[in-house]
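The values are calculated or read from the model by the stated rules, or taken from the named source; none is laboratory data. Worth saying up front: this structure is predicted, and the values here are computed from it rather than measured. Heads up, the Cβs are rebuilt from the backbone with ideal geometry, glycines too, and the neighbour counts pull from every protein chain shown.
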Amino acid sequence: MSGNTLGKLFCVTNFGESHGPAIGAVIDGCPPGLALTEADLQIELDRRRPGTSRHVTQRQEADQVEILSGVYQGVSTGTPIGILIRNTDARSKDYGNIVDTFRPGHADYTYDRKFGDRDPRGGGRSSARLTAPTVAAGAIAKKWLAQTHGIKIRGYMSQLGPVSIPFESWDEVPNNPFYAPNARVVPELEAYMDQLRRDGDSIGARIEVVAENPPAGWGEPLYDRLDADIAHAMMGLNAVKGVSIGAGFACVTQRGSEHGDEITPEGFLSNHAGGVLGGISSGQAITVSVAIKPTSSIRIERQSINRAGEAVKVQTLGRHDPCVGIRATPIVEALLAIVLMDHALRHRAQCG
């Protein structure tokens, strides 16, 4: 009921706050026999962690993961896997000026209205810091999917603010801090972000994620459709305001003769459906696009109210990502992996 668990058979329960002692997750439902070490999780966490370039928050967190349970002698036991990531570089004093005020566009206002109180330190529970345990859980799902079904999940940034990033090569994605698939655009991205930081402002981004080689048949009719669960998981990521599968909103201008993916004995001729038909995987690559809004914590003064309902000016100090989309690629990969592993187990349970 409290909305902290994702999945039905492969379940990830997330806990912690941005400036609490630690954050973490309990991953239940991982089958036994999966070779698993902290290094398997750390490689993904290192892709997401803060402080890796001048274009992201300078909070220095190593994000060292600890496996507390569910793994014995390097192999999953089938019991809940507990993971912990300790917070080591929180600066709570930076948030002293917003204890009783609400940042425009932020969850400060809604958390206060729902719970009657909130943890203002770094956004508390609403912070993107809580995506780190999700990435660790996703690393488990990515490894299981690769070993069991040969599925490869990877993502990239396709747009940063007004700057479009034409896809050139997957090989370029790990070579720059933006996860951009085009090296020629990187200098423009760097110049844009440098100016944005000088302005004290923020910007949004668009991230693409692809699952290659999924089998046909995963998913459920109606309410637990595979694409519905993917969208549900992606919308659970901080700052996401839009999710599309395949052609997405472009399907509005497509005719049926164009959008409907023709089938031949050799396979599909196109993939406007994004690998999902009727809520069930078609065996084609599953393609997802995510729109991420500008960061709400900015240095520019803006109008808001305090808890008494009085007009105030709000300026956010501290260390923040001017574009949260820069570190989002490993997170959307993790979320897609978690959903696919959950549906893989559900398909196995029902259909053998």
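Within segment 238-256, residues that are more than 22 Å from Ile292 (Cβ to Cβ) have Cβ atoms under 8 Å from residues that are crowded, with 16+ Cβ neighbours inside 10 Å in these pairs: Gln254/Ala247; Gln254/His272, counting only partners at least 6 apart in sequence or on another chain. Restricting attention to segment 174-187, the residues that are in a helix (DSSP H, G or I) and surrounded by fewer than 20 Cβ atoms within 10 Å (Cβ to Cβ) add up to 6.
If the condition is being farther than 19 Å from Asp224 by Cα, of a type outside the set (A, V, I, L, M, F, W, C) and either in contact with a Gly (Cβ under 8 Å, 6 or more places away or on another chain) or modelled with pLDDT under 85 (or both), then segment 323-347 contributes Gly325, Thr329, Pro330, Glu333. Of all residues in segment 280-302, those that are on the phi > 0 side of the Ramachandran plot have Cβ atoms under 8 Å from Cβ atoms of residues that are of a type in the set (Gly, Ala, Ser) and assigned to a loop (DSSP other than H, G, I, E, B), 6 or more apart or on another chain, in Gly283/Gly275.
Quick check on my filter: what residues within segment 291-343 are charged (D, E, K, R) and within 22 Å of Pro162 (Cα to Cα)? Within segment 291-343, Lys293, Arg299, Asp321, Arg327 qualify.
This table checks each residue for (1) at pLDDT 95 or above; (2) more than 18 Å from the chain's Cα centre (by Cα); (3) hydrophobic (A, V, I, L, M, F, W, C); (4) under 27 Å from Ser296 (Cβ atoms).
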site: Leu226; (1), (2), (3), (4): yes, no, yes, no
site: Ala233; (1), (2), (3), (4): yes, no, yes, yes
site: Leu237; (1), (2), (3), (4): no, no, yes, yes
site: Val243; (1), (2), (3), (4): yes, no, yes, yes
site: Gly248; (1), (2), (3), (4): yes, yes, no, yes
site: Val252; (1), (2), (3), (4): yes, yes, yes, no
site: His259; (1), (2), (3), (4): yes, yes, no, no
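Note on segment 113-143: residues that are at pLDDT below 90, closer than 19 Å to Thr329 by Cβ and of a type in the set (S, T, N, Q) total 1.
Consider segment 115-166 and keep the residues that are free of Cβ contacts under 8 Å to residues at least 40 places away in the same chain and hydrophobic (A, V, I, L, M, F, W, C). The one that is surrounded by the fewest Cβ atoms within 10 Å (Cβ to Cβ) is Phe115.
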